[in-house]
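The values are calculated or read from the model by the stated rules, or taken from the named source; none is laboratory data. On a predicted model such as this, the values are computed, not experimentally measured, just so you know. Positions of Cβ are backbone-derived with ideal geometry, glycine not excepted, and every protein chain shown enters the neighbour counts.
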Amino acid sequence: MHIHSILGHDSIIAPDELVFFAQKAGMDAVCITEHHSFEISAPFDLISQKSGFPIIRGMEYKAQEGHLLVFGINMGRADMPPQMPMQHVIDWVADKGGIGIPAHPYQPDMFGKMLGDRLLSFENVVAVEAANGSASMIENKTAEKAADLMGWRKTGGSDAHGPESIGKAYTVFPHRITTPSQLVQALKTTDYYPETV
């Protein structure tokens with residue numbers, strides 16, 4: 001539920017290689033979440049259609065406090081400029097029918113800042129990324145404990161910027177998901193859980 005490609009300029013995963021590496025890692029579907037842009041991942045629609053492998057497009061938004069995975073809506077900088085308060089973005093996305101998932105909340109960025117326990121003050125949260133393939137075991141366990149404390153569901157995502165990272169963390173759903181609307185519905189209503197490799 002959290003993969004980046006060369007289209008976002010911070011990954012070495014080529015779009016035409018994603019399906020091969022995802023299937024090699026045992027994935028049934030993947031989510032592309034380029035930073036700050038939904039539109040930039042548009043080529044994956046054709047790749048998904050041609051291959052028959054579900055590639056669900058979302059985005060990773062940079063809020064004031066940290067990162068938010070956004071699914072189910074086409075959101076760009078014109079809709080929501082970077083660095084807005086995370087609670088505002090979570091609410092705005094929910095009002096539009098999408099879902100916002102705080103990503104790697106206890107993983108420090110390059111400046112040593114992180115969302116951290118500010119996560120616990122948010123409302124309207126459905127799930128938290130509690131298993132991130134680029135976060136440490138302690139960072140993931142802390143996110144898991146926070147989600148449990150608040151009664152939120154938990155997701156997993158590899159946060160892959162290279163092919164070898166695809167599938168290092170993922171979300172297990174009770175049924176196959178092939179569309180953005182199915183993903184949003186499942187995130188809101190079904191039981192699912194994160195796994196790491």
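Here is a check on your reading of the model: is ASP159 among the acidic types (Asp, Glu), free of Cβ contacts under 8 Å to residues at least 60 places away in the same chain and either under 18 Å from VAL70 (Cα atoms) or surrounded by fewer than 16 Cβ atoms within 10 Å (Cβ to Cβ) (or both)? No, not satisfied. Going by the structure shown, is SER51 at pLDDT 95 or above, under 18 Å from the mean Cα position of the chain (by Cα), over 27 Å from ASP117 (Cβ atoms) and among the polar types (S, T, N, Q)? Against the criterion (at pLDDT 95 or above, under 18 Å from the mean Cα position of the chain (by Cα), over 27 Å from ASP117 (Cβ atoms) and among the polar types (S, T, N, Q)), SER51 does not qualify. Going through the range 63-76 one residue at a time, which ones are touching a strand residue (DSSP E or B) at 6+ places or on another chain (Cβ under 7 Å) and under 19 Å from ASP10 (Cα atoms)? Those that are touching a strand residue (DSSP E or B) at 6+ places or on another chain (Cβ under 7 Å) and under 19 Å from ASP10 (Cα atoms): GLY66, HIS67, LEU68, LEU69, VAL70.
Can you find a residue that is within 16 Å of GLU39 (Cβ to Cβ), of a type in the set (D, E, K, R) and surrounded by 15 or more Cβ atoms within 10 Å (Cβ to Cβ) anywhere in the range 61-68? Looking through the range 61-68, none of the residues is within 16 Å of GLU39 (Cβ to Cβ), of a type in the set (D, E, K, R) and surrounded by 15 or more Cβ atoms within 10 Å (Cβ to Cβ).
Could you look through the range 96-132, keep only residues that are assigned to a strand (DSSP E or B) and of a type in the set (A, V, I, L, M, F, W, C), and pick out the one that is surrounded by the most Cβ atoms within 10 Å (Cβ to Cβ)?
So in the range 96-132, the residues assigned to a strand (DSSP E or B) come out as 99-103, 127-132.
Next cut, of a type in the set (A, V, I, L, M, F, W, C) only: 99, 101, 103, 127-128, 130-131.
Working: ILE99: 26, ILE101: 30, ALA103: 25, ALA127: 21, VAL128: 27, ALA130: 32, ALA131: 29.
The extreme case among them is ALA130.
Considered as a group, the residues in the range 69-79 that are under 26 Å from VAL19 (Cα atoms) and among the small types (Gly, Ala, Ser) include one that is surrounded by the fewest Cβ atoms within 10 Å (Cβ to Cβ), and that residue is GLY76. Remark: pairs (first residue in the range 112-127, over 26 Å from ASP191 (Cβ atoms); second residue of a type in the set (D, E, K, R); Cβ separation under 9 Å; 6+ apart in sequence or on different chains) = LYS113/GLU65; MET114/GLU65; MET114/GLU139; GLY116/GLU65; ARG118/GLU65. Of all the residues in the range 21-42, those that are assigned to a helix (DSSP H, G or I) and closer than 12 Å to ILE55 by Cα number 3.
Of the residues examined, ASP148 is not one that is out of contact with any Leu (no Cβ under 8 Å at 6 or more places or on another chain), over 22 Å from TYR192 (Cα atoms) and modelled with pLDDT of 95 or more.
Criterion applied to PRO43, PRO82 was being of a type outside the set (A, V, I, L, M), within 21 Å of ASP109 (Cβ to Cβ), surrounded by fewer than 23 Cβ atoms within 10 Å (Cβ to Cβ) and touching a residue at least 12 places away in the same chain (Cβ under 8 Å), and the one residue passing it is PRO82. From the list ASP28, ASP10, the lone residue that is of a type in the set (Asp, Glu), surrounded by fewer than 16 Cβ atoms within 10 Å (Cβ to Cβ), within 18 Å of the chain's Cα centre (by Cα) and at pLDDT 95 or above is ASP28. Could you go through the range 178-188 and let me know if any residue there is buried (at least 20 other Cβ atoms within 10 Å of the Cβ) and in contact with an Asp or Glu (Cβ under 9 Å, 6 or more places away or on another chain). Checked against the condition, which is being buried (at least 20 other Cβ atoms within 10 Å of the Cβ) and in contact with an Asp or Glu (Cβ under 9 Å, 6 or more places away or on another chain), the range 178-188 yields no hits at all. ALA130 - would you say it is within 14 Å of the chain's Cα centre (by Cα), closer than 25 Å to THR190 by Cα and touching a residue at least 12 places away in the same chain (Cβ under 8 Å)? Answer is yes for this residue.
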